[in-house]
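Working notes, beginning with the structure itself.
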Amino acid sequence: MKPLKALVANQKGEIFDLPDYAAVGMAADKLITLSPKATKNMPYGSELMYLPDRHPILFDLKANRYEVLSRNPDRPDEPIFPVAAFNSPGFVNTYVSAYREEPEADFLPLFSYGAVGWQAGKFRSAVVRVDRQRRQDLRLMPYDRIIDGINDMQKKLPKNRLRAHLENCALVYGCPAAKNFFLGRSEAPIPTSRRCNAQCRGCLSLQTNNNIPVSQQRIKFTPSPAEIADLALAHLDRVKQGIISFGQGCEGDPLLAYRVIHPAIQIIRSTTTRGTINMNTNGSKPDLVAKLLGAGLDSVRISLNSVRPDCYEAYFQPKDYRFRHVLKSIEYAINKGKYISVNYLNCPGFTDTPAEYDALKSFLTQLPINMIQWRNLNFDPQRYWNLMQTVTTPTNPIGMVTLLDRVRIAFPALKFGYFNPPKEKFHII
Ligand code: SF4
């Protein structure tokens, strides 16, 4: 089967294919040509990007070898750049775009950089699908209906600062979760926390590395329990199998806003049993997690880039906690019979190494969680591999597809996905 044609971009950002070259995927030092079988039509809503200060690695079909190109072979005066796909939610990158950095290259912005090629008039991404839900499908989010929803909520919650904050998220940042709140669909975001006790290298709302732009500003106020409860009830009252989620990209960690979240959950659960109350968190404070579960929190999703303490702490840079505290939070949720997911921030070339896979097997055996949400790590892949190599010896990747297959076989009761499930579907694998 003929490999996909290589894609490159020129300085104007115009993307075109090079017919004499095959597209290449990368996983740390491992290179592979992209085949039609190992790729899918680029998912709707995905975005193409070109990578500045970097040179594409392509496969020369005539010379039958990998090559790093800096100029268009058909137009030697034209510099060319690698192309990558920021794939839509629910699709896991199996390889990243293949490239070599220039010495003075800066960090790439906070996106994931999936490998992509060209075939029969279509872009094809190196991905595997883990969630079929269309929860964040932009085709189901017509602008005029969002505006109608905003007008309705302005009448319903006129003084609610959270409602106003989410308007900005929906209209300025284009946040699909905020749009879903105004559309009255599935899962609504409830940001509350201005602070965090971790310093993730790829934090979307606060960057200490000045060269990386943040994707959205952190919330600037702490909503009251009443503001939280009113907004949550406005959603749960009208949405079938509705979910409200603490812990969003535009805030710190919700556990640091415990003093407003705990009473808010009590208000919500004293008013209705409808819907699911979920928290996305770093899980750093197990005692608070236990109290929130006791107050009525239905499910918890804990973010991890690795299940190995050194690799976790190298990326999360925890300030006042350690990896063992995160494990304790997971243990508490399991012991309380609550639904617990891991938000597994994956990057081909690290997540699919034998060492990480072995660690994952013992983690899942020790802590039988309900679900893994496979999430592409939105961080410069080359800098991430470099960082991980400061705390662990790199091993040859087995491939993301192989990794998912092996985990699925070894842990048949473990749910794979991308989105937090409603409690009505907790039993569904
Ligand atoms: S836990 Fe969340 S808010 Fe805190 S640093 Fe990491 S990404 Fe940012």
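The values are calculated or read from the model by the stated rules, or taken from the named source; none is laboratory data. Just so it is clear, the model here is predicted, and its values are computed rather than measured. FYI the Cβ positions are ideal-geometry reconstructions off the backbone, even for glycines, and counts take in every protein chain you see. What goes into the accessible areas is simple: the full protein's heavy atoms, side chains included, and nothing from ligands, DNA or RNA. Shrake-Rupley method; radii C 1.70, N 1.55, O 1.52, S 1.80 Å.
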Q. So which residues in the stretch 254-281 are within 16 Å of the ligand (Cβ to nearest atom) and open to solvent by 10 Å² or more (accessible area, probe 1.4 Å)?
A. LEU256, TYR258, ASN280
Q.
Just checking, does the stretch 181-191 include any residue being within 12 Å of the ligand (Cβ to nearest atom) and in contact with a Cys (Cβ under 7 Å, 6 or more places away or on another chain)?
A. yes
Q: Considering only residues that are open to solvent by 20 Å² or more (accessible area, probe 1.4 Å), within 16 Å of the ligand (Cβ to nearest atom) and more than 21 Å from the chain's Cα centre (by Cα), look in the stretch 293-328 and name the one that is nearest to SER245 (Cα to Cα).
A: HIS325
Q: Have a look at LYS62, LYS37 and point out the one that is touching a strand residue (DSSP E or B) at 6+ places or on another chain (Cβ under 9 Å) and assigned to a loop (DSSP other than H, G, I, E, B).
A: LYS62
**Q.** Count of the stretch 310-328 residues which are in a helix (DSSP H, G or I) and under 30 Å from ILE277 (Cβ atoms)
**A.** 10
Q. In the stretch 329-348, what residues are in contact (Cβ under 8 Å) with a residue 40 or more places away in the chain and more than 16 Å from the ligand (Cβ to nearest atom)?
A. GLU331, TYR332, ALA333, LYS336, LYS338, TYR339, ILE340, PRO348
Q.
Based on this model, can you work out whether LEU110 counts as of a type in the set (A, V, I, L, M) and in contact with an Asp or Glu (Cβ under 7 Å, 6 or more places away or on another chain)?
A. no
(Q) Which residue is farthest from the ligand (Cβ to nearest atom), if the candidates are limited to the stretch 205-232 and must be surrounded by fewer than 18 Cβ atoms within 10 Å (Cβ to Cβ) and among the aliphatic types (A, V, I, L, M)? (A) ALA226
Q.
Filter the stretch 336-351 down to the residues that are open to solvent by less than 10 Å² (accessible area, probe 1.4 Å) and either within 15 Å of ALA410 (Cα to Cα) or aliphatic (A, V, I, L, M) (or both) and list them by number.
A. ILE340, VAL342
Q.
Name the residue that is surrounded by the most Cβ atoms within 10 Å (Cβ to Cβ), counting only residues in the stretch 193-204 that are among the polar types (S, T, N, Q) and more than 6 Å from the ligand (Cβ to nearest atom).
A. SER193
Q. Out of PRO76, PRO43, which single residue is on the phi < 0 side of the Ramachandran plot and within 31 Å of the chain's Cα centre (by Cα)?
A. PRO43
Q) Just wondering, is there one or more residues in the stretch 91-107 that are outside any strand (DSSP E or B), open to solvent by less than 30 Å² (accessible area, probe 1.4 Å) and within 30 Å of ASN180 (Cα to Cα)? A) yes
Q. Any idea which of LYS12, LYS62, LYS30 is surrounded by fewer than 21 Cβ atoms within 10 Å (Cβ to Cβ) and under 28 Å from PRO354 (Cβ atoms)?
A. LYS30
Q: Starting from residues that are among the small types (Gly, Ala, Ser) and outside any strand (DSSP E or B), keep the ones in the stretch 329-350 and report whichever is nearest to the chain's Cα centre (by Cα).
A: GLY349
**Q.** helices (runs of 4 or more DSSP H) within the stretch 153-267 that include 2 or more residues assigned by TED's automatic domain parsing to the domain that holds LEU345 and under 20 Å from ALA295 (Cβ atoms)
**A.** 225-236
Q: Among what's in the stretch 283-292 and is within 16 Å of the ligand (Cβ to nearest atom) and open to solvent by less than 10 Å² (accessible area, probe 1.4 Å), pick the residue that is farthest from TYR332 (Cα to Cα).
A: SER284
Q. Got a number for residues in the stretch 134-152 being over 22 Å from the mean Cα position of the chain (by Cα) and either surrounded by 15 or more Cβ atoms within 10 Å (Cβ to Cβ) or part of a helix (DSSP H, G or I) (or both)?
A. 10
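Let's see how each residue does on (1) open to solvent by 50 Å² or more (accessible area, probe 1.4 Å); (2) under 23 Å from ARG129 (Cα atoms); (3) not in a strand (DSSP E or B):
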position	(1), (2), (3)
THR365	yes, no, yes
TRP374	no, yes, no
ARG383	no, no, yes
PHE416	no, yes, no
Q: Being farther than 24 Å from ARG129 by Cα, in the same structural domain as GLY13 (by TED's automatic domain parsing) and of a type outside the set (Val, Ile, Thr) narrows it down to one of PRO73, PRO89, so name that one.
A: PRO73
